[in-house]
Every structure is written in structure tokens, then in C-alpha cells.
Amino acid sequence: MKRLPPSLRHRKRYIAFRLIGLNKPVERKEIALRLTESMLSLFGEVGSAHAGIWVEYFDGEYGIVRCNTKSLEMVKVALTLIDEVQGERVLPLILGVSGTIKKCKTKYMEVFRYADTADGV
């Protein structure tokens, strides 16, 4: 089966996020499950199917979610409404949105991970 040319593919956006309050390591599958449950409860099966969500990266605190451009706002809402992961209360914080995964990692993930809070940055 032939792949679609780039002009006919759906555009993607990458959402960088941070989960505050995790004390034990959490796998990427668990975050994907919680995000899918949140999308299903808010927008139903059709809305979550059109979103095309996929957890690209998660290291225990920081992560990146891929979604369709038309459902970007829906995914952001569903991500912020996640309140519990593996029995622990969490607070999701959206760091930013980018068009490429490389730019998302360099602009949001590395900057916020290595920021020094002593000087107010």
C-alpha cells in the first residue's frame, strides 16, 4: 500500500507538558491511557478518534503528545483535566506547542528542565 503524499497528510502539532506531583516512575503507556480516558469522557469516541493523539515521549516528569492541528484545543483541555495517575494526584502543566518534535524538545523541554529558579528565570 502506498503512503499519502505530504500535501494530503494531516498536519500535526506537538504539546510539551509536565506532570507535577509524581513520586514514583510512571510509564508512557499509563499517561497515554489516562489521556485517552479523558478524551473519551469529554468528547466521545468520534472526537477522540479524529484527534489522533499519541504520546511521543515521557521521561517520568516531562512529556510530548502528538495530535492533529484541528483538535489541538481539545487535546489541551483533556490533558489539563488529568488529575490522577497510578493512584497519585498530579497537576499537568502545558509548557508549549510546536510544529516539530525537535523544536518542541529544544524550546520547551530542555529550557524548563535546566532552568535555574534562584535567579528568577
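If you take the C-alpha gyration tensor of the chain, multiply each eigenvalue by 5 and take the square root, what semi-axes do you get, largest first, in whole Å? Before the final figure, lay out each step's value.
Numbers: eigenvalues 126, 75, 29 Å².
The three semi-axes for the chain are 25, 19, 12 Å.
Annotation: lysines with alpha-carbon distance below 22 angstrom to LYS102 (same-chain offsets under eight excluded): LYS12, LYS29, LYS70, LYS76. Taking the fewest neighbouring Cβ atoms within 10 Å as the starting point, the ordered list for MET74, MET39 is MET74, MET39.
No lab work stands behind these numbers, since they all come straight from the coordinates. In this text the structure is predicted, and so the values were computed from the model without any measurement. Neighbour counts are summed over all protein chains in view; Cβ atoms, including those assigned to glycine, are modelled from backbone coordinates with ideal geometry.
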